Each structure stands twice: as C-alpha cells, then as structure tokens.
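Asker: My structure is below; once you've seen it, I'll send some questions.
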Amino acid sequence: MSTETEPTLAELERRATRSGPAYGQDALIVCDRLVRVFQADGVEVQALQGLDLLIKEGELTAIVGASGSGKSTLLNILAGLDTPTAGSASVAGCDLLGMDAKTRLGYRRDTVGFIWQRTSRNLLPYLTAAQNVALPMQLRGRSRGMGVGRRGNRARMARAAELLDLLGMSHCLDRRPAGLSGGEQQRVAIAVALANDPAVVFADEPTGELDTATAEQVFSALRTANSELGTTILVVTHDQAVSSEVSRTVSIRDGRTSSETLRHVRTDENGGESTVSREYTTIDRSGRLQLPPEFTEPLAIRDRVLLELQPDHIEVRPDTPPPV
Amino acid sequence: MTRRTDLRRGRGLAAAWTWTRLRAAPGAALAFAALLMVTAFTAAALPRLIDGYENDALRESVAEAPLRDQLVSGTAEAVYGGPETDPRELVLPPALDRSAEAFRRAVRPPLPADRDGAVYGVHNRKPAAAIDPGFPRPSPQLTPRTSLVAQPDLARHSRLVEGRMPGGRLTGPPGERHVEAVLTPATAHRMKLRTGDTFRLAGLSGETTVKVTGLISPRSPGDVYWKAEPSLDRPTLKSLKPPGPGSEPEHYWHFSAFIDRQATAALLDLKDGAELFWHQQLRTGGIQAHQVAELRDTLTSLTVGRDATRLEQAAAVGPITFNEGLVELLASFERERSAVAPLLLMATLGLATAAVTVLLLWGVLAAARREAELALWRSRGSSLRGLAGRLLAETAAVGLPAAALGTATALLITPAGRWSQALPAAAVVTAVALFTLPVRAALTHRRPQVPSQRSDMLRGRRSRRRTVVEVTVLTLVVGTLVALRRRGTGGGGEDGGSPDPMLSAAPVLLALAVALVLVRLYPLPLRLLSRPAARRRGPVAFLGMARAARAPSAAVAGLPLLTMLVALTVAAFGGTVLAGIADGREAAALRAVGADARLDSPEQLSGKVLAQVRKADGVADVSEIRVFHGGDVVDSSSGVTAGSGVTVVIAEPRAYARLAERTGFGAFAERALRPGKGAGGPDQALPALVSAPLAEKMADRASVSVPGLELTVHAEVVRQSTPAVRGADFLVLSRAAVERTRPDTADSALVSPNSLLLSGSSLDSAALRELVPDKGSDLTLNLRTEQRDSYSDSVLQSGAERLYVGAVLAAAGFSALAVLLSLLQTAPERITLLARLRTMGLPRRQGRWLLLIESLPMYVLAAVAGVLTALASVPLLRPGIDLTTLAGTPAADPVHLATDPLSLALPALCLLILACAALLVQARIAGRTTDLRMEPL
C-alpha cells in the first residue's frame, strides 16, 4: 500500500527505534505486540496481550486455542473488521491500523477472503453456488481483466466454475445452499473466499459445525487451494487435532502465542515418506518464553525458574530451595 | 468514461440481483407492496376526500342560500341631482349595455361566472305606491307597491299570452306620464288587473299612469332572469311591523310590471328615481372550498378595492354598490370550516403519524431481519453506497409500482379535490417506504460488523448521544404543549384563518413524549415485577418477565411502541371527540324538545288526543302542561315590570316534577308548588318555580298576567332551566294550586293542557305521527330523536364526522398492523425458543403462557399509556376545541370534549385482544413445527 512511498509518522518512529532488519520483513502477515482491550459493561477484558505472529507467503497455518484465548479477536483484526488497541498488524503490505474506510473496503475486496464457522453465514441463501462465488467478483466492480457487461458476467461465471471444479464441487454449480450439505456449503464458501484471488484466506472455525469426515474434506479443499493456487491460508480453530491437517499450528493462550507445531514430510533413505511433527514453544521479541502446563505442572514449577546456559541449549529447572 | 460504464454495469447488475432477491422472498415483497399501496392510497385519497367534502359543504350552503345571496349583484343609482351627468342617458339601453359588459368583465376568475346566468336592467329604486283603490290590500292602510322593470330580451324569455308587448314611447309631460307595461298572468290575477287596465303610481310630482298592454308568461320561471329580482313573476306578500310595543305586523303586496327598455325615462319620474342592477350567477360546481379566502378577497376588491375603481371607470354609471350576501355567505362558511378543520387535521395528523411509523417500522424490521445477510454482503466487499443502492433498487422495484397503483386508484375514485396535496402526500409516503430500509441498513452497516458478535448479550448502556437527542425532543414537545396550554383557546378560529397546526398536533406530540419516556422507563416496573415472579415455583412467570425486562424483543420496544401509542391516543381521543359530539347532540336535542317527545297545539288538546297519546306504544309518562307565551310579571310591591314576554307554564306538578328530574332540567320537589295550608282565595300568593334571571328581578310577591288570568305568585323554587321552556324567563305553576285559588278556572279551557311532554325510551314515532295529521291540524309533534338527527343532516357536519371516523379508524388499523408486523417479525425467534423449551419439558400450556407473559407487559403498558395520554389530552385541549360546529347543535348549546370511559378503553382493549390472539396463534404454530435448527435469517 502507500507505506512504501509515503511513510507514516508511526512508520518513521518505528524505523528510528529499530535496530537490524525490520521485524517480519519477509512475512506476509505480521502481528507486532498486538493488544486488544474490550470494554463490556464497565469491565475490561484483555483479549490480546501483546501477540506476535509472523506468517510467510504460501503457508497453511492453523491457530488453535481454547475459547476465550483471543483467536477470534486476532482473526477479526486481521480481517479488517476490528482494530487493535495497541501494536501493529499488516497483511500483504497493508497496515491494518492506518486504513480509512475506502482502503479497508479495497482490502476486503482484493487482499483477503473469509470463511466463517456457521455454514449458513457464508452464503446468500437465494443465490446458486456459482452465483455466490461470482458475487465478490461483481462487488469488486472494476475487475481486472473481467471485462464489462455480459462479457464480464461470462468471465466471472467461468472463473466461478473453475474454482468450484478445483474444489471438487462442479456438480453443485446451480444448486442453492439449501440443497447442499454442510461440508459442501463450506467448500463453496472456500471458493467464494478465493474468488477475487486474494493473498490470504482467513477461516474461522470452518469445520466447527461439521463431523470429522466432512471436516477432512473441507481441510483437503483448503490444502488444495493452498497448493494449487498458492494462497496463504490462516485457519482459526479450537480443535487441537487440526495440527495433523496443516503444516504449521500456532497455539494461543491468554492472548499470546504460546507454542507452535511444525509438520513436514520427510523422505527416508528407502524412499518411504513419513510425516514428522515437532512442537515448539514460541519466544517473543523481548525473549519471553511460555512453558506449556504439561511441562510445568509435573515439576511444580511456579513463580521462578532457574536457567542455565549450555553450549547448545538452555536448561530450565524448578526453583528448588538450596540444600542446607 | 470509466465512471459511466461503471454506472451502467452497476445498474444492470443491481437489476439482476434485485430480481433474484425478490424472487427468494416473494411473500415479504408482496406484503411490502400491499402495505405501500394501501398507505399511498390513503395518503392520496385523504386530502382529496377532505377537499371534496369541503366543496360539497360549500356548494350545499351556497345552494341552500336564497338565490340573491348566490349572485354577484351590483346596483347604481340614476336620479336627478345625482353625481352623474344626466340620469336619462344612464337608463337608456346603450349605457346599460355598456355597463353590463363592464360588469361581466369585472366578474372574472377566480369567480366562476356562469355566462348564461347573468341578468341586468333598470327599475325604480324603491317600489312605488300603487294608489288605485281597486287593488287588494291585506292591511287596509297599506297600498301595494310596484316595481317597473326593464330587462333586456324580455321577448326571448317570455311568451306573450295576450295583448301586445309594451311600446317604448312615453306620452305626457313629467307628472302626467303615461307608460305601457306587461304583467305575468299570476300578477294580473292576484292584483286583479286585465289587459287594457291602467293603474297609477305616485311620483315625485304628480302621477305616472301605467297601461297594461298584455300578459306574458315566463318561459323558464326558475331562471335567474326571473328570480334575481323579487316579485318578477308573481306578487309577494310583504310584512311590515310598525314601531311600538304589541303592534301586529301589517302586510301589503309587491308586484312588478315590465316596461320597454326605451321607456325607462319614466322611472326617473317616480319618487326615488331609477336604479341600475346587474346580477351575475356563479357556477356552483366551480366554487372550490380552498378558494374561499381568494373569492372573498376578489369580491371585496370588486366592492371597494382596485377592481371597483376599474369597474366604475369602465361602466361609467357612477358609484356601484355590491350586495354583501355572497361575501357573508362565504365568510360564514369559512367560520364553520375553521371550527371543524382543527379536528379533521388532528385526525389526519394522527393517521399520518401512524402510517409513517408503520412504514418506518417495516423498514427497520426488514433491516433487522436481514442483518446477517447484509453483514455478509458488506464483508464480501460491498461498499456502503452499493449496499444502500441495491436495497433501494429492491424496495423501488416493488414499491414504486405499488405506490403508483395506490395513488392512481385514489385519484380515480376521488373525483374531486386538488392534486397539489394528494400527490406530495403520496410521494412522501412512498419516499419513506423506499428509503427506510436502505438508510437504516447503511447506518447499521456503516462499519462491517464482526460476525462473531454475540447476539444474546445485552449490549451495554445506551449511548450518551441518544440520551441527548431524547431529552431534546422531550423538551421541545413539553415546551410546545406548555405553550399551547398557556395560550389557551386555539387561535385562528375566529378570523377564519387556517387551523392552528400546533393544536391539532397536540395529541400526537403528547403521545410522542409519553412514548419517549416509556421506552426509557418501562424496564423498571418489569424488573420489579420479575423479582416476586422469580420466587414463585413455576418457571414461566420468571422466564417471561426476565425476557420482557432484560432483553425485550424488537417486536415491542421502540418504534412499535411509538406506533401503538400514537394510534391509541389518536383513536381514544377520536372516540372522546365523537362521544362528546354524541352527548352534545343528545343534550341539545333534549334541551330543544324538553322530553322524549313534545306535542303542541295552539288550542287546548282534546280529550281524545290525550287518551290516544297515553295509549301510544312506548309512552311511559306524560306531563300535561298549559303554556302561555308573553306573560307579564309585575312586582307587587313596587309595581315595576319584572318581565314581559315571560313564558308561563301551568303544569300537573307530579308528572312535571318527575320529568324535570329525569331530564335534569331544574329538578324540584313536587310539594314545593303546593300552596300553604288553609289557603284559598284570589289573594293567596301561589308558589312558583321561577327562572333565575326572573327571580332576580321580582321581589317576594309578583303578579302574573296572561290572557284571561291574573295571579299573585311568589318565587318558591329558583331554577336555571325547566323542561317545558327554552328561554331564560319562565314561571311554572301547579295546575291544582291555580284551580284552588281560582275555582272558576277549574277544567276550563284556560288551564287545560295545550302541550304534552312525553317520556319513554322507545317511543313509537310512527304511532305518534299518526296522531298528527299532515293537514287541517295545528298539532305539532317534536321528537327528541328526530331533533337529534337533524343536527347531523348538513354536509358540513355529517361529512366531517364521517371523515373523522374514517381517519381515526384508519389510524387504529395502522396501529393494529404495527402490532401484527412486530409480532410477525419476531415469530421465528419465539417459535424456536418455545421449541427449545419444550424439549426441556415445558408443557404446551405453559408455553402459551410464556409467550403471553413475555410480550403482554409491553402491550399492557402501551395500552395504559395510550389511555392515559388520551385522558390527559382532554383537559389539555378542551379550551381550544369547540365541537359545537362539528356537532351541528345551536350555539346556545355548546358542545365540549367529554371524557368517555368506553371510548377511551375500547381501542386499548382491542389492541390487547389482537396481540393476545396473535401470540396464541404463534404458540399454536410453534406447537406444530419443531425445528430446533431454525435460525432466523
């Protein structure tokens, strides 16, 4: 966006205080110390408490967390529907804090796509699947290469059919949402989100209302979109099992990222493939580390820990009283 | 260039989407179309109906006025010694024709002149005495009077029956003139004249002899040619009351004779000279009520203003005097109209408010129902303008044809009236209907909404901005009402100006203020109520109250409440007005008749009639009275006349006392009129019931004299009114007491009854009518019911009442619609709730109760508030509103607003019943369809 040519004051300040390469310079989604405070009936709720998150282009990432951990808040901020109280966030070069209504509209039209949990909330009930997919293209209006009038209409319908075909939904082209199963509805919703060829697609609990088998289909559709179209996809869910479906899983706890699971395919000497997933804990920019409860509880780690720097790792010990 | 293509594409797309969307919910679209059609129809029809009604009322009052008052009439003198040069020139045809042409030109639009209904001519300024002794003279001392008239085209407007038309030649010197004339057969017959006869008229000096040369009969006697001037086609009997008390009126004949136009110089010889006259008839159908002020201005200008000067210059016949009749007719119509107009405006404003709020409600509820859909549109990248435009296209696609249809129908079926009010009204209604949904949606979705926002959470406190707006509106409203109250009686009534819109808006404003307060305060009593409800065993009361108090559905709070309150207030207030009118008419009719029926005779009533009346169906009680008009009351001690023209009533006291008590006109104890014991003889002062003004003027004892009877009385009972007499001076005596004091009168014609006052709730009017033969009887029968009905028989009254009732009913209908709409809107939510609760084991019966308890408190509150508002508006508006004109009763019986419990409570009760019925139907539906996955989208 315009940050490249005309730096804002905040940008200048950030540059001035920054040392070394900019945070998340090569990432598509950058969340820097995001804070979001809600005021409900006079009570302050800190939904995000300085969350850092970097997502590179082309990643298929899941954000998991218990309810109330702030994941939906994060998604709303990234979707441009909500603004953070403090910190900064940018998606595909768009600064989410400094957008006026018009750029926000453009952002929603061109840069991002959404899939929501409730299947019925993703699709207009009175449009067919293909029309639903074509809708964002029409709303964008001055489309690139789509042409005008009937020609534009035909081009849009062709793209809609292409997308639905890609997601294995070509048989549902002319059916209305009421005639689709929940899984099919969500796959159409994915096509809708992809319609304008966005840089990122956000999915909020896309499988929340679906059974496991159907959820698997939906995830496979997401993976297809990710691999075939190269679209960066960010899925938010409370379902821990999702980590087996995506390459990267980020856990959020109490408004901060706590741990990450990376999953990649390893090919052994015999040519056999195996999926390896490793769980990491995240360390934020000021060096804070979150230890998962499954580690801290057995050792009764509370309040303080002892750290010892070893040549290739750091040891964390419970703060046991010194021997008498 | 891009912009243009953009627009074009946008439109094409929008149309396609519009069609798709409308097809998705045809029910809602059709309902919207129907609502808008009805509302636009009402908006267009009502102003035209009011116009039409006012036109009818004006035309009726013009048509019922004497013909002379319907004409624009002018006169000019032509006498010797007048300001003009030579009167002989003026009365000759050239000058007359010239002046008539000028007059015809002067009566121009907006006065709708009827070109065929014009007549002019010349006659003697005052009818001259016909001094021949052979003429019939009803009063011997008065001679007949004659007008010699010359009107153009006499031959064309009449047929010569015998003889010949008069010649234009005058013979003889002034003082001994001979002139020829023709008469109509009716005149000749009545005045005992024949062709060839002559008669003499007294002149300035000497006499003018008129020779009858023939008889002519009018071709169309009803024509203005024959009617504009009096006594043209037949003589009229004129009455004259000589000065002095007690004189009898005297009568004489006035007749006209037609002379040739060339012979008009003869008129100048008569006593008062000649007079030129012009009459121009107006097309009654061309008179519009809304033009009355303009017509009056034009007439005034013609009488004294610039047009008058211009006319006199053009006519060149000297000063022209105009007849004031038409101006006064218009002025009196305007007075009456401006007395009725505030009430009509009040009903119209109430209806308008109800209709507009229902349209607003529709838009707001539609926006709420489609919130999720619109949020999706918005988050998929629809711009705010695009969203609003698409919604507008949607409402317009359905609404414009519907509104056009409704307006066109209204214009077609209301033939009269102006377009200038109907079309803007319909346009405003249509605009409100079309724009509410887009504007409301644009406001709600100004920022795209967070989809995960929880809908079941109570959304914080209300914004401060809203408080400020509410307080401002409230202050304005209360300030207006206070100002209105301070100013007291509504202005604008007397001078015939336009009705005071503030006065008429008062009920609506009051309802608005109460609604604002109520919307703010209603949770308080509900929360208080929900506490004891929570302690009770059943879950229903608690659940219902909690839902009503904490999270009232959109069905009841806000706009629906306002709509209901406004409509209830208007309906209840309208009921009060109508009840006040009905009461006023009843009271005035009772006042006028004195009982349920009254039979009068100038002589004593025969025993046969008395017996028949007593036997007639439905007659419960008969009071026999003897009425003397014009009795004199002289104070005994001073000898000063306390009252002349006093109505003296000699009544059978028992029945009369019962009647007085029943009618409420000066109830008294029957024994008060009994004379003291041991009394007797002519000197005994009789106890009398005396009117208050008379009692003030007479001392302790007074003597009463009526023809054939002189009595000494003393004022025993003083009352303001009595059934038998309307006037202010009356005196009632007991017949038994009179007979005892003057035994000679017993059973004589002097004291036997000449009037009967009948009571009975279901009088058989037909049977009573049979007692009164049409002809050959002096009996007159007055029925209270007929008298009452006579008050509403003019177009002004009956039309206004009908319009008022119509507007109030329509307002009530819109409020009912508001209730149904709001209930319909929240139906899915309620049905889902019930279904869920039933899975938890809520019995069907309790489910029904839950729905009622959840919604009814709001309706009860609205109903109570509506009744209270109407109740409050009665004393607030009572000084400003005079119902007398609307009721049509005489000014002596003014009619005011009256609080009528039934009319106050009825609309509220209807509303509650409607709401209950709708809720129970919903509960029944909920019992059938149990789809737990149902989500209102």
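Asker: Let's test the formula: R0 of 45 Å, r as the Cβ-Cβ distance of residue B:606 and residue B:714. What FRET efficiency results, to the nearest 0.05?
Answerer: 0.85
Asker: Using modelled backbone amide H atoms (1.01 Å from N, in-plane), which distant-in-sequence or interchain residues come within less than 5 Å of residue B:229's amide H?
Answerer: none
Asker: Moving on. Rounded, prolate or oblate: which fits segment B:724-844 when a ≥ b ≥ c are the square roots of the eigenvalues of the alpha-carbon gyration tensor, with rounded for a/c under 1.5 and prolate only if a/b beats b/c?
Answerer: prolate
Asker: Report the gain in length on full extension from residue B:335 to residue B:310: 0.36 nm times residue separation, minus Cα-Cα distance, nm rounded to one decimal.
Answerer: Taking residue B:335 through residue B:310 to full extension adds about 6.0 nm, to one decimal.
Asker: Sorted by accessible area (1.4 Å probe), largest first, how do A:137, B:840, A:157 line up?
Answerer: B:840, A:157, A:137
Asker: While we're here: Compute the acute angle (0 to 90°) between the alpha-carbon long axis of helix B:559-593 and the principal axis of greatest extent of the alpha-carbon atoms of chain B; round to the nearest 10°.
Answerer: 20
Asker: Quick check: net charge around residue B:175, other residues with Cβ under 9 Å of its Cβ, Lys/Arg +1 and Asp/Glu -1?
Answerer: Here the charged neighbours net out to -2.
Asker: Additional query: Quick check on segment A:46-119: take the gyration tensor over C-alpha atoms, sort the square-rooted eigenvalues as a ≥ b ≥ c, and tell me if it's rounded (a/c under 1.5), prolate or oblate.
Answerer: The shape class here is rounded.
Asker: Give me the accessible area of residue B:472, 1.4 Å probe, in Å² rounded to the nearest 10.
Answerer: Looks like 70 Å² after rounding.
Asker: Among B:327, A:250, what's the order by accessible area (1.4 angstrom probe), most exposed first?
Answerer: So the residues, ranked largest to smallest area, are B:327, A:250.
Asker: Would you work out the relative contact order for segment B:704-857, in percent, from Cα pairs under 8 angstrom that are 6 or more residues apart? Write out the running numbers ahead of the final one.
Answerer: Details: 29 pairs, mean separation 11.0, N = 154.
Computed over segment B:704-857, the figure is 7 percent.
Asker: In terms of the Cα gyration tensor, with a ≥ b ≥ c the square roots of its eigenvalues, is chain B rounded because a/c is under 1.5, prolate because a/b exceeds b/c, or oblate?
Answerer: It is oblate, given that a/c is not under 1.5 and a/b is not larger than b/c.
Asker: Any idea how far the Cα center of segment B:875-900 sits from the one of segment B:383-446, in Å?
Answerer: 39
Asker: When only C-alpha pairs under 8 Å and at least 6 residues apart count, what is the relative contact order of segment A:107-258, in percent? If you can, show how the numbers build up before the last one.
Answerer: Details: 215 pairs, mean separation 46.5, N = 152.
Once divided by the residue count of segment A:107-258, the mean separation gives 31 percent.
Asker: So, counting K/R as plus one and D/E as minus one, what does the shell of residues with Cβ under 11 Å around residue B:186 add up to? Present the calculation step by step, with values, prior to reporting the outcome.
Answerer: Numbers: positive: B:190, B:234; negative: B:233.
Value of the local net charge: +1.
Asker: At 7 Å along Cα-to-Cβ for each site, give me the label-to-label distance between residue B:697 and residue B:906 in nm.
Answerer: According to this spin-label approximation, the distance is 4.5 nm.
Asker: Cα to Cα, under 19 Å, and not fewer than 8 places away if on the same chain: which aspartates and glutamates meet these conditions relative to residue A:102?
Answerer: Counting by Cα, and skipping residues close in sequence, residue A:102 has these aspartates and glutamates nearby: A:4, A:6, A:82, A:110, B:6.
Asker: Continuing with this model, one more query. Among B:713, B:46, B:191, pick out the residue whose Cα is farthest towards the positive end of the charge dipole of the protein assembly as shown, where Lys and Arg carry +1 and Asp and Glu carry -1 on C-beta, about the Cα centre.
Answerer: Among B:713, B:46, B:191, the one farthest towards the positive end of the dipole of the protein assembly as shown is B:46.
Asker: So how far apart, in nm, are the two label points at residue B:404 and residue A:170 if each is 7 Å from Cα heading toward Cβ?
Answerer: 4.6
Asker: To the nearest 10 Å², what's residue B:504's accessible area with a 1.4 Å probe?
Answerer: 0
Asker: Could you pull out which residues in segment B:159-203 have an amide N less than 20 Å from a spot 7 Å beyond the Cα of residue B:137, following the Cα-Cβ vector?
Answerer: So the set is B:188-194, B:198-203.
Asker: Tell me the Rg and the Dmax, in Å, that the Cα atoms of the protein assembly as shown produce.
Answerer: When restricted to Cα atoms, the protein assembly as shown yields Rg and Dmax of 47.5, 167 Å.
Asker: Moving to a separate point now. Of B:615, B:227, which has the most accessible area and how do the rest follow, probe 1.4 Å?
Answerer: Working: B:615 160, B:227 90 Å².
The most accessible residue leads, giving B:615, B:227.
Asker: What lysines does residue B:615 reach when the alpha-carbon gap must be under 26 Å and sequence neighbours fewer than 8 apart in one chain are set aside?
Answerer: Once the sequence-local lysines are set aside, what remains near residue B:615 is B:775.
Asker: Can you list residues from other chains, or at least 5 along the same chain, whose modelled amide H is less than 5 Å from the amide H of residue A:50?
Answerer: So residue A:50 has HN proximity to A:34, A:35, A:36.
Asker: OK, next. Over what distance in Å are the Cα centres of segment B:310-350 and segment B:188-265 separated?
Answerer: If we compute the Cα centre of each part, the gap is 33 Å.
Asker: May I pose another question? Using +1 at the Cβ of each Lys and Arg and -1 at the Cβ of each Asp and Glu in chain A, identify which of A:158, A:68, A:99 lies farthest towards the dipole's positive end.
Answerer: Sorting the options by dipole projection puts first A:158.
Asker: Next up: Just to confirm the filter: which trypsin sites (Lys or Arg not before Pro) across segment B:662-746 are DSSP coil and have at most 12 other Cβ within 10 angstrom of their Cβ?
Answerer: B:677
Asker: Can you compute the FRET efficiency between residue B:202 and residue B:98 using 1/(1 + (r/R0)^6), with r the Cβ-Cβ distance and R0 = 30 Å? Round to the nearest 0.05.
Answerer: On the way: r = 31 Å, r/R0 = 1.05.
It comes out at approximately 0.45.
Asker: Between residue A:283 and residue B:744, with labels modelled 7 Å along Cα→Cβ, what's the label distance in nm to one decimal, could you check?
Answerer: Result: 14.3 nm between the two label points.
Asker: What are the lysines whose alpha-carbon lies under 20 Å from the alpha-carbon of residue B:227, with same-chain residues fewer than 8 places away excluded?
Answerer: Answer for residue B:227, where 20 Å is the Cα cut-off: B:126, B:238, listed by chain and number.
Asker: Relative contact order (percent) for chain B, with alpha-carbon contacts under 8 angstrom and 6 or more residues of separation?
Answerer: Working: 1666 pairs, mean separation 141.9, N = 937.
Rounded, it is 15 percent for chain B.
Asker: Could you tell me the distance between the Cα centroids of segment B:824-871 and segment B:131-153, to the nearest Å?
Answerer: Cα centroid of segment B:824-871 versus Cα centroid of segment B:131-153: 86 Å apart.
The values are calculated or read from the model by the stated rules, or taken from the named source; none is laboratory data. Here the structure is a predicted model, which means the values were calculated and not measured. Here the Cβ is made from the backbone with ideal geometry for all residues, glycine too, and neighbour counts use every protein chain on show. In case anyone asks, the SASA skips ligands and DNA or RNA and just uses the protein heavy atoms, side chains included. Shrake-Rupley method; radii C 1.70, N 1.55, O 1.52, S 1.80 Å.
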